[in-house]
Amino acid sequence: MRKLLPFLPMLLAFHAASAADLTEQETRWLRAAAPVLSYSQQLKLPIDIIVQPQAKAGDVPLAMGFDGGRCKLVLSLRGNADAEAVLGSVPEASRAELIEAMAAHEIGHCWRYAQGVWHALPAGFVEVGEQSASDQSLLAEARAIRENRREEGYADLVALAWIRHSHPGDYGRIYGWLASVRATQPVSGAGHDTRAWVNLARDGDAFGAADKPFEDALPLWRKGLLTDE
């Protein structure tokens, strides 16, 4: 483990790589994510950054995992032909803020994990209704999808709250990009179908002016839980 870059004094865990071996693309993504990562340091979130030496099929460019009580922000760009497909419709000069929003989304997951509330509903909320199936594994899978969708909804709101406070002039553009990404979900109610929450944030003023994105996302997240199906 070694220091990443002067602007980002965070430990970087490499699989057969070193900081000196970062590609131009990896450096560009990490520089774009730096403001979010620096903020996470101020909050003392337990984050390590892992740069994959070779992406696997289906890997997304940025992902968050958890291991040993720590968050693992995984960068999978090498050999990933689809790494920037999600940004394909955006001119390269305008992509940095989108990558920053993506990083904020992932750090939102870490914040929930570090708070000890991963997959937990907020106080006062309980699941209602019953599902039935002949195979109990199907019920467990349905529950996992619901829990994942809630976390993704919260993380999307964190990303938008971050942009609202850090790049207010770009909010409309970045909101439109995220809304278009979420509008293309193959199945309604899938794990990344966060439209119940994204639709509530069309107006960035809905987040208020506290400038604390992880906290600012909570009121809209709770509101979305009431309408999510």
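Ranked by the mean number of other Cβ atoms within 10 Å of their residues, highest first, the peptides 155-161, 41-47 come out as 155-161, 41-47. Between residue 206 and residue 25, the modelled label-to-label distance comes to 3.4 nm, taking each label 7 Å out from Cα in the direction of the beta carbon. Is the shape of the stretch 60-113 rounded, prolate or oblate, going by the alpha carbon gyration tensor and its root eigenvalues a ≥ b ≥ c, with a/c under 1.5 for rounded and a/b larger than b/c for prolate? Verdict is oblate for the stretch 60-113. Approximating the spin labels as points 7 Å out from Cα along Cα→Cβ, the residue 120-to-residue 142 distance works out to 2.6 nm.
Shape class for the stretch 42-166, computed from the alpha carbon gyration tensor (a ≥ b ≥ c): prolate, with a/c not under 1.5 and a/b above b/c.
How would the stretch 18-102 be classified by its alpha-carbon gyration tensor: rounded, prolate or oblate, with rounded meaning a/c under 1.5 and the a/b versus b/c comparison settling the rest? Taking the square roots of the gyration eigenvalues as a ≥ b ≥ c, the stretch 18-102 is oblate.
Run the accessible area of the stretch 34-104 with a 1.4 Å probe and give the carbon-and-sulfur part as a rounded percent.
52
The aspartates and glutamates within cross-link reach of residue 44, meaning a Cα-to-Cα straight distance under 20 Å and a gap of 8 or more places when in the same chain, are 67, 100, 106, 211, 215, 216. Rounded to the nearest 20, the size of the Cβ-charge dipole of the stretch 72-131 about its Cα centre is 240 debye, with Lys and Arg at +1 and Asp and Glu at -1.
For residue 50, the residues whose amide H sits under 5 Å from its own are 13, 73, 74, 75, ignoring neighbours fewer than 5 places away on the same chain, with H placed 1.01 Å from N.
Would you please put 76-83, 29-36, 100-107, 64-71 in order of how densely packed they are, using the mean number of other Cβ atoms within 10 angstrom per residue and starting with the highest? Could you put the intermediate results ahead of the total?
Working: 76-83: 16.2, 29-36: 20.8, 100-107: 25.5, 64-71: 13.9.
Going from most to least packed, we get 100-107, 29-36, 76-83, 64-71.
Rounded to 0.05, the FRET efficiency of the residue 93 and residue 185 pair, given R0 = 35 Å and the Cβ-Cβ distance, is 0.80.
The values are calculated or read from the model by the stated rules, or taken from the named source; none is laboratory data. Everything numeric here is computed off the predicted structure, so don't read it as measured data. So basically every Cβ, Gly included, is an ideal-geometry build from the backbone, and we count neighbours across all protein chains shown. These area figures cover heavy atoms from the full protein model, side chains too; ligands, DNA and RNA do not enter into them. Shrake-Rupley method; radii C 1.70, N 1.55, O 1.52, S 1.80 Å.
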